[in-house]
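Have a look at the structure below before the remarks.
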Amino acid sequence: MSDRTGHVGFDRMFANGRLTVGLFLPLWPYTGDMAALRGQSALVQEAERAGFAAAWVRDIPLADASFGDVGQVYDPWSALTWLAAHTSTITLASGSVIFSLRHPIDLAKQAASIDHLSGGRLVLGIASGDRPSEFPAYGVDFESRGRRFREAVHAFRDLLKPSASGVDLLPKPVHGHIPLLVTGSSQQAPDWIAEHADGWLVYPGSTTTAEGPIALGKKAATWRGRIPGAAFKPVATNEWIDLMEDPLHPPTPLRGGFVLRTGTQGLLELLGRWQDVGINHCALGVQHGSRPAGEVLAQLGEEVVPHFPALETAAPQASAW
């Protein structure tokens, strides 16, 4: 069975036995000055030219000081729309939209609109949410997030199908559907994720020892063993890196393992191990690094991405609205 789906965004990122590299936004953190965030989309354009497979945005509705992370600050749909207008081939991805907090009609309308404006390049990482402070602000019970997530997934897909009721949601996705990657467990059983997700977005575990990728590969293989019909469904992960100029700088965990300080050689070895054990995509984040993002992206584009480039696909649909 072919793992090519005809969805240009999905197929740029994923193929059986291959690993591609994406880029997590923001490229540098918000420190209280919105003007200081300017210039990131220009670097995404450079990443597209360098062969990165995807640009990822996050969904963090409210800044919670206890988490210390506000993402790219902008609403993910707005950020993705901006990127759709300023790029032409790179996949636009979310990591991850909180399906349990949003109405399915709004989710489907926004996603299908961005999919059209990007020519069919949208891939959604989705989650049930893990920040308890956001739920009462929406008037939603935190403990209901698993049920609400399942209901939203089913309703989202139904809304994107043609309707015979006389009341319909437009536009429909360019390729007939929008791939959904479930993040972590999202309060669901593994069998449910294996059946209903188009792929799995999973946390990497240890990245400084050979045992870490082996454990991640076993987790991916166990999940894939639950997929009905043994169909190919990709597994993606992410890593925050502090890339050193010295290519031989040894992999070193920072902030309790949340950030990996490494040279190019250590990063290539990690990505190669992940590819060998069945991981199909890694979204790299550089915002916690010690060097300017532009320098790091240039180094990644020259020394890393050519080993794990975006996959060949048909051209996205023209979308000069």
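A quick yes/no check of all residues on (1) of a type in the set (S, T, N, Q); (2) outside any loop (DSSP other than H, G, I, E, B); (3) farther than 25 Å from L101 by Cα; (4) at pLDDT below 95:
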residue: D3; (1), (2), (3), (4): no, no, yes, yes
residue: G6; (1), (2), (3), (4): no, no, yes, yes
residue: G17; (1), (2), (3), (4): no, no, yes, no
residue: G22; (1), (2), (3), (4): no, yes, yes, no
residue: L27; (1), (2), (3), (4): no, no, yes, no
residue: V44; (1), (2), (3), (4): no, yes, yes, no
residue: S66; (1), (2), (3), (4): yes, no, no, yes
residue: V70; (1), (2), (3), (4): no, no, no, yes
residue: V73; (1), (2), (3), (4): no, no, no, no
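Of Q287, Q265, all but one fail to be touching a Phe, Trp or Tyr at 6+ places or on another chain (Cβ under 6 Å) and either not in a loop (DSSP other than H, G, I, E, B) or not acidic (D, E) (or both); the exception is Q287. Reported count of residues in region 247-281, each being more than 27 Å from A36 (Cα to Cα) and among the charged types (D, E, K, R), is 3.
State whether one or more residues within region 150-164 are modelled with pLDDT of 95 or more, among the aliphatic types (A, V, I, L, M) and not in a helix (DSSP H, G or I). Checking region 150-164: at least one residue is modelled with pLDDT of 95 or more, among the aliphatic types (A, V, I, L, M) and not in a helix (DSSP H, G or I).
Where residues in region 205-223 are of a type in the set (A, V, I, L, M, F, W, C) and crowded, with 17+ Cβ neighbours inside 10 Å, which of them is farthest from F258 (Cα to Cα)? Looking at the filtered set, the residue picked out is W223. Looking for whichever is more than 27 Å from L270 (Cβ to Cβ) and part of a loop (DSSP other than H, G, I, E, B) here; the options are L62, L107. Which one fits? Only one candidate qualifies: L62.
Residues are listed down the side, and each one gets a yes or a no for (1) surrounded by fewer than 18 Cβ atoms within 10 Å (Cβ to Cβ); (2) touching an Asp or Glu at 6+ places or on another chain (Cβ under 6 Å); (3) farther than 20 Å from I241 by Cβ:
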site	(1), (2), (3)
F14	no, no, yes
V44	no, no, no
A79	no, no, yes
S88	yes, no, yes
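Residues that are outside any loop (DSSP other than H, G, I, E, B), of a type outside the set (A, V, I, L, M) and out of contact with any Lys or Arg (no Cβ under 9 Å at 6 or more places or on another chain) within region 226-248 comprise P228, G229, T237, N238, E239, listed in sequence order.
When each of D242, D198, D191 is tested for being among the acidic types (D, E), more than 30 Å from P316 (Cβ to Cβ) and crowded, with 16+ Cβ neighbours inside 10 Å, the lone residue that passes is D242. List pairs: first residue in region 298-313 and of a type in the set (S, T, Y), second residue at pLDDT 95 or above anywhere in the structure, Cβ distance under 7 angstrom, at least six positions apart or on different chains. Pairs that qualify, where the first residue is of a type in the set (S, T, Y) and the partner is at pLDDT 95 or above, are T313/V8; T313/D11; T313/R12.
What do you reckon, is L284 over 22 Å from L37 (Cβ atoms), modelled with pLDDT of 95 or more, touching a Leu at 6+ places or on another chain (Cβ under 8 Å) and of a type in the set (A, V, I, L, M, F, W, C)? Spelling it out, it is not the case that L284 is over 22 Å from L37 (Cβ atoms), modelled with pLDDT of 95 or more, touching a Leu at 6+ places or on another chain (Cβ under 8 Å) and of a type in the set (A, V, I, L, M, F, W, C). Among residues of region 249-262 being outside any helix (DSSP H, G or I) and free of Cβ contacts under 8 Å to residues at least 40 places away in the same chain, the one that is surrounded by the most Cβ atoms within 10 Å (Cβ to Cβ) is T262. Can R226 be described as at negative phi, more than 21 Å from the chain's Cα centre (by Cα), crowded, with 19+ Cβ neighbours inside 10 Å and of a type outside the set (S, T, N, Q)? Spelling it out, it is not the case that R226 is at negative phi, more than 21 Å from the chain's Cα centre (by Cα), crowded, with 19+ Cβ neighbours inside 10 Å and of a type outside the set (S, T, N, Q). When every residue of region 308-317 is checked against the conditions, at least one turns out to be under 24 Å from H86 (Cα atoms), exposed (fewer than 15 other Cβ atoms within 10 Å of the Cβ), of a type in the set (A, V, I, L, M, F, W, C) and at pLDDT below 95.
Annotation note: Cβ proximity below 8 Å between a residue of region 113-126 that is at negative phi and a residue that is of a type in the set (F, W, Y) and part of a strand (DSSP E or B) (sequence gap 6+ or interchain) occurs for G125/W56. So D115 fits all but one of (1) out of contact with any His (no Cβ under 9 Å at 6 or more places or on another chain); (2) under 17 Å from P171 (Cα atoms); what number is the exception? For D115, the exception is condition (1).
The values are calculated or read from the model by the stated rules, or taken from the named source; none is laboratory data. What you see is a predicted model; the values in this text were computed from it and never measured. Counting neighbours? That spans all protein chains shown, and the Cβs are built from the backbone with ideal geometry, glycine included.
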